[in-house]
1. In this structure, is Glu69 surrounded by 14 or more Cβ atoms within 10 Å (Cβ to Cβ), touching a strand residue (DSSP E or B) at 6+ places or on another chain (Cβ under 6 Å) and of a type in the set (D, E, K, R)?
2. Out of all the residues in region 116-174, which are within 30 Å of Thr93 (Cα to Cα) and touching a strand residue (DSSP E or B) at 6+ places or on another chain (Cβ under 6 Å)?
3. Looking at region 42-59, which of its residues are crowded, with 21+ Cβ neighbours inside 10 Å and over 10 Å from the mean Cα position of the chain (by Cα)?
4. Looking at region 102-118, which of its residues are surrounded by fewer than 18 Cβ atoms within 10 Å (Cβ to Cβ), under 17 Å from the mean Cα position of the chain (by Cα) and assigned to a loop (DSSP other than H, G, I, E, B)?
5. Does at least one position in region 123-133 carry a residue that is of a type in the set (Asp, Glu) and either buried (at least 18 other Cβ atoms within 10 Å of the Cβ) or not in a loop (DSSP other than H, G, I, E, B) (or both)?
6. Please list, ordered by first then second residue, the pairs with beta carbon atoms under 8 Å, 6 or more apart or interchain, first in region 14-33 and in the same structural domain as Ile70 (by TED's automatic domain parsing) and basic (Lys, Arg), second surrounded by 11 or more Cβ atoms within 10 Å (Cβ to Cβ) and assigned to a strand (DSSP E or B).
7. If we keep just the residues of region 150-186 that are aliphatic (A, V, I, L, M) and exposed (fewer than 12 other Cβ atoms within 10 Å of the Cβ), which is farthest from Lys123 (Cα to Cα)?
Amino acid sequence: MQIKLLNFIPTAAQPMITELLAIDHLVVKVKNERKTRHGDYRELPNGKHQITINSNLNVYRFLITLIHEIAHFEAYKTYGRFIKPHGKEWKHTFQHLMLPFLRPEIFPLELLPLLANHFKNPKASSDTDTQLAYALKQFDESNDKTYVFEVPLNTTFKLYNGRVFKKGNKRRKRYECVEINSGKLYLFNPNAEVELLEE
């Protein structure tokens, strides 16, 4: 297994990850940042299984993402190819794999209760868990990004692809935002990362 991979996860988690990957013979590649996902898992045409993870994640998010993707492989191996990608089989597998890592030697104390709560019913992305995503963000290297829920009402912001929006009211969980160019209304996850524009 690549030594490089271990540099991206907390030291105390490294022996368990080494063991997990040795059993599964998984190929794990660390990639440059992709805006639409933290990582992915797929079966390659040659029958091998590959996981890719973004290199820009902090060590805690990287570890969660790595185990998320290993859980896809384990669920596939155990239950077959016709299960839902984030269905009950994957959730059960993810919970089972993650449990040994939920320890203060691996995660900071302030993250553990949020992780314990998240893993009662893990979602397709930890980003949809606003509290956990915000807590994990505190360990990122500082950047010029802001979460949508932090943007003041009627303020304009820009996405990574250059599209500009104005923030509107909150619905039950998401925020109404109008795209400036088209006038179309879009709903934004509270913790979508955006760049504030100077008024």
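1. Working: surrounded by 14 or more Cβ atoms within 10 Å (Cβ to Cβ): yes; touching a strand residue (DSSP E or B) at 6+ places or on another chain (Cβ under 6 Å): yes; of a type in the set (D, E, K, R): yes.
In short, yes.
2. Arg174
3. Scanning region 42-59 gives a single hit, Ile51.
4. Kept after step one, since they are surrounded by fewer than 18 Cβ atoms within 10 Å (Cβ to Cβ), are these residues of region 102-118: 102-105, 108-110, 112-113, 116-117.
Of the ones still in play, those that are also under 17 Å from the mean Cα position of the chain (by Cα) are 102, 112, 116-117.
Within region 102-118, just Leu102 meets the criteria.
5. yes
6. Pairs found: Lys29/Gln50; Lys29/Ile51; Lys29/Thr52; Lys29/Ile53; Lys31/Thr52; Lys31/Ile53; Lys31/Asn54.
7. Quick first cut of region 150-186, residues aliphatic (A, V, I, L, M) only: 151, 153, 159, 164, 178, 180, 185.
Checking which are exposed (fewer than 12 other Cβ atoms within 10 Å of the Cβ) leaves us with 153, 185.
Numbers: Leu153: 28, Leu185: 26 Å.
Per the criteria, the residue is Leu153.
Conditions (1) closer than 26 Å to Leu159 by Cβ; (2) modelled with pLDDT of 95 or more; (3) in the same structural domain as Met16 (by TED's automatic domain parsing), marked per residue:
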{"position": "Ile51", "(1), (2), (3)": "no, no, yes"}
{"position": "Tyr60", "(1), (2), (3)": "yes, yes, yes"}
{"position": "Ile83", "(1), (2), (3)": "no, no, yes"}
{"position": "His96", "(1), (2), (3)": "no, yes, yes"}
{"position": "Asp127", "(1), (2), (3)": "yes, no, yes"}
{"position": "Gln131", "(1), (2), (3)": "yes, no, yes"}
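The values are calculated or read from the model by the stated rules, or taken from the named source; none is laboratory data. For clarity, every value in this text was computed on a predicted model and none was experimentally measured. Neighbour counts are summed over all protein chains in view; Cβ atoms, including those assigned to glycine, are modelled from backbone coordinates with ideal geometry.
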